[in-house]
1. Tally up the residues in region 318-328 that are touching a Gly at 6+ places or on another chain (Cβ under 8 Å) and open to solvent by 10 Å² or more (accessible area, probe 1.4 Å), please.
2. Looking only at region 113-133, which residues are free of Cβ contacts under 8 Å to residues at least 40 places away in the same chain and farther than 16 Å from R311 by Cβ?
3. Which one of the conditions (1) assigned to a helix (DSSP H, G or I); (2) free of Cβ contacts under 8 Å to residues at least 40 places away in the same chain does M384 fail to meet, given that it meets all the rest?
4. Only residues in region 201-218 that are closer than 13 Å to G171 by Cα count as the first member; pair them with residues that are hydroxyl-bearing (S, T, Y) and surrounded by fewer than 21 Cβ atoms within 10 Å (Cβ to Cβ), Cβ under 6 angstrom, at least 6 apart or cross-chain, and list the lot.
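The values are calculated or read from the model by the stated rules, or taken from the named source; none is laboratory data. The structure presented is a predicted model; accordingly, all values stated were derived computationally and were not measured. Please note: Cβ atoms are built from the backbone with ideal geometry, for glycine as well, and neighbour counts cover all protein chains shown. Note: accessible area is taken over every heavy atom of the protein model, side chains too, but ligands, DNA and RNA are not part of it. Shrake-Rupley method; radii C 1.70, N 1.55, O 1.52, S 1.80 Å.
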Amino acid sequence: MSNMGEELVPPDLLLNPQYFESTFYRRENYSQLRQLALSGHLLPLHNRFVSWRIFLGLLPENKSLDEWVEICTKLREDYRKLQESQCSVKTNNLDPLIFNPLSSATENPWNNFHVDNELKGIIRQDVDRTFQERLLFQLPEIKQLLTSILFTWSKQNSDISYKQGMNEILGIILFVAYAERAPETSEISPQAARYLSILNDPRYIEADSFWMFSRVMDLGIKELFNPVVTHKNKANKKNDLFSWDAEKERNDLVNTDKSHEENISSVLKRCHKIHHRLLQSIDRELYQHMESQKIEPQMYLQRWVRCMFTREFNMADTLVVWDSLFASLVQPIENNKDILLMDHICVAMIVFVRTFLLQSDYSGILRRLLKFPPVEDVHVLVNMGLSYKERIEGGKRNAPVGLIRSPEPPRAMIRAPEPKAKSPTEEAPKTIARDASPSLVQKAPEFSVPDPLAAKRQQSGSSPIHSDPIPQKSKPIIQTAPLTKAMSSSEKINSAIDIVQEQINNETYSDSSMKYLLELLKQLKDDIKEPTKPSIPDPLRRI
């Protein structure tokens with residue numbers, strides 16, 4: 001590979017050898033590595049390539065650096081042998097009439113040559129479109145690496161072969177591997193530099209990226225690339241999206257929960273599990289609205305889970321999401337059939353835009369979900385996903401998944417970002433979410449993460465954002481007068497304002513007050529005789 005400039009990678013994503021020495025060589029704070037990733041703070045460590053391999057079990061946590069070196073050396077040699085075995089052609093004792101380019105015999109090695117060339121052509125087409133906005137992926141050397149790794153993996157997994165979207169998953173891995181290549185010289189101890197030069201050896205980027213890609217695909221990802229609709233092997237069945245299963249008298253794409261059914265593809269099961277089971281248990285109101293609009297889960301979830309969010313977020317945000325996905329895996333890695341946290345982050349993304357979805361019809365919902373809005377802090381979604389995962393897994397001991405619901409499920413705040421949560425040691429007061437329904441109270445996340453601003457606040461002597469309010473004289477609870485239609489509109493408006501002000505000042509929540517407020521608003525609506533009902537603006541509509 002030619003010498004590529006570091007400007008191909010943002011400086012904040014480059015390797016930091018000093019942190020490698022302090023974290024992995026000296027083993028300081030090594031036990032907190034997984035927590036750093038889950039809390040969205042792995043980036044400052046600048047050693048993502050080694051960290052990911054630890055999370056994925058390629059560099060076992062209980063092994064020494066010398067054992068890591070042996071493992072890397074063996075894996076790189078195994079990759080070399082795998083490539084050689086795929087390229088070798090046995091020509092012993094072959095009939096000359098068979099072994100020639102024009103023969104159509106099935107045992108003719110030339111047939112494999114043509115099939116391989118066709119596969120490489122398909123891969124190259126997608127590689128040329130991989131992250132076109134980044135200069136790194138326009139370099140011939142990087143394109144060749146992507147093509148070679150994808151071809152080798154596809155030959156090894158011929159039952160699935162290559163599918164569009166795999167190139168983007170590999171692209172993220174290769175980007176991290178290239179960004180954290182071991183430098184020729186560094187200001188660390190010679191022994192630490194030796195380990196780093198072996199673990200992140202630039203000469204073996206292809207082999208290391210291949211094994212990381214293989215491990216990720218083995219975590220339930222490769223099965224997601226099978227066709228959405230599958231049928232039993234019958235001659236009269238067509239394997240396409242619009243075929244009709246006459247035996248069951250229904251179409252395969254009817255929007256019913258198929259998460260427990262057999263003879264359907266893995267991606268369809270996964271999408272239906274996320275939509276019909278997880279989303280329903282977290283936000284039943286939103287789920288029922290999407291069901292009323294006949295939203296089919298695979299229409300929007302298929303791309304999310306297949307590409308692991310690479311098309312929904314920018315590169316930097318995708319790296320943060322992947323940090324948490326890999327760190328959430330239990331050890332040993334063989335105990336993971338798939339990446340469970342990915343399902344819960346999908347639910348978090350849906351709930352995050354709930355206000356818009358509840359106001360939209362079929363086309364509006366799909367436009368929003370297929371073009372997810374930019375997120376100021378993507379770890380908000382990760383934290384929501386971790387909270388949902390913890391709640392659902394904790395509730396499994398007492399109830400089926402479909403019945404696991406907290407009395408007041410959290411709602412996403414869609415407008416301006418709310419102040420960051422309090423530190424884990426403080427108890428968060430109840431607050432009413434701005435964009436939530438009035439009867440829903442925003443709960444503090446069940447999963448807490450370290451507060452990155454805590455140190456700065458201690459230095460400045462300031463208190464946390466969500467500190468307890470300054471004690472004030474308690475205000476008397478407003479007595480609501482019996483609601484009658486004889487009240488004037490002005491009286492109704494003043495009464496509604498008093499109720500809302502009471503909720504804000506006292507930080508309390510009263511069912512009776514909110515019901516009274518709801519009735520006030522309904523009567524005010526009747527008082528205002530508008531000729532036409534205002535339409536809901538569509539922010540995605542082109543003007």
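1. Narrowing region 318-328 to residues touching a Gly at 6+ places or on another chain (Cβ under 8 Å): 320, 323-324.
Now drop any that are not open to solvent by 10 Å² or more (accessible area, probe 1.4 Å), which leaves 320.
Number satisfying all stated conditions: 1.
2. To start, the set of residues in region 113-133 that are free of Cβ contacts under 8 Å to residues at least 40 places away in the same chain comprises 113-118, 120-121, 124-125, 128-129, 132-133.
Of everything in region 113-133, those that are free of Cβ contacts under 8 Å to residues at least 40 places away in the same chain and farther than 16 Å from R311 by Cβ turn out to be F113, H114, V115, D116, N117, E118, K120, G121, R124, Q125, D128.
3. Failed condition: (2).
4. That search, which allows pairs on different chains as well, returns F210/Y79.
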